[in-house]
Amino acid sequence: MLALVGVYFLVGGLISLVIQPGMAALIDSVRDGTLDFTLTKPEDAQLLVSIQRVAVWSLLDLLMGAGVLVTALVRLGNAVGLGEAAAFIGMLLAGGVIVYSFWLILASLSFWLGRVENLLEIFQSVYQAGRWPVSLFPNWLRFGLTFIVPVAFATTVPAEALTGRLGVSTLLGALGLALLLAVMARLIWRLGLRRYSGASA
């Protein structure tokens with residue numbers, strides 16, 4: 001449970017630090033046409049909109065998550081070997097990619113729908129379910145938190161990797177989902193750019 005709470009705060013800190021501010025700014029810039037300024041720059045526009053705003057105060061969540069994880073590691077003692085540590089780092093990175101891609105897909109819907117802030121708020125609320133192991137929920141909710149809104153891959157799966165409870169199929173599934181969502185997010189982003197007319201329209 002300590003490892004899970006630590007991962008929850010780490011990923012939540014990453015969301016609050018970079019992802020949420022950047023995606024909220026993307027939605028605003030699509031609506032008011034100021035995305036033009038980003039698109040004229042020589043760097044990749046997706047990268048620029050992803051890191052355009054940073055909420056520095058959210059570093060506290062990252063530090064708190066790291067502190068809770070260290071406490072969990074101390075309590076686990078010798079139970080964490082090199083394999084568990086490598087799987088944990090891999091699953092934490094995969095979880096970060098999954099969450100970022102999901103947020104980018106939701107924010108990119110603003111190219112078609114205009115205002116999608118409510119979708120981002122709903123996802124942020126659903127993410128709070130990640131502070132508990134996904135196995136505690138009923139089957140229908142477990143399915144939703146794993147495949148529809150992939151919160152489980154961001155929190156529960158890295159914690160399971162750290163405690164040595166992660167199966168190979170889940171590990172491969174998380175890596176595959178991270179790759180799939182990253183490709184989907186890029187495609188939806190590029191399709192949205194084609195639809196974007198800018199401030200001059």
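Every number in this text was worked out from the coordinates using simple rules, so none of it is lab data. No experiment lies behind these values; they were computed from the predicted model shown. In this analysis, Cβ positions are derived from the backbone assuming ideal geometry, glycine residues included, and neighbour counts consider all displayed protein chains.
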Residue match in segment 31-50 (condition: within 22 Å of the chain's Cα centre (by Cα), more than 30 Å from G176 (Cβ to Cβ), surrounded by 14 or more Cβ atoms within 10 Å (Cβ to Cβ) and among the polar types (S, T, N, Q)): no
Residue within segment 174-191 that is at positive phi and among the small types (G, A, S) present: no
Check on R75, in contact with a Lys or Arg (Cβ under 8 Å, 6 or more places away or on another chain) and surrounded by fewer than 18 Cβ atoms within 10 Å (Cβ to Cβ): no
Residue that is farthest from L191 (Cα to Cα) [pool: residues in segment 109-148 that are surrounded by fewer than 13 Cβ atoms within 10 Å (Cβ to Cβ) and hydroxyl-bearing (S, T, Y)]: S135
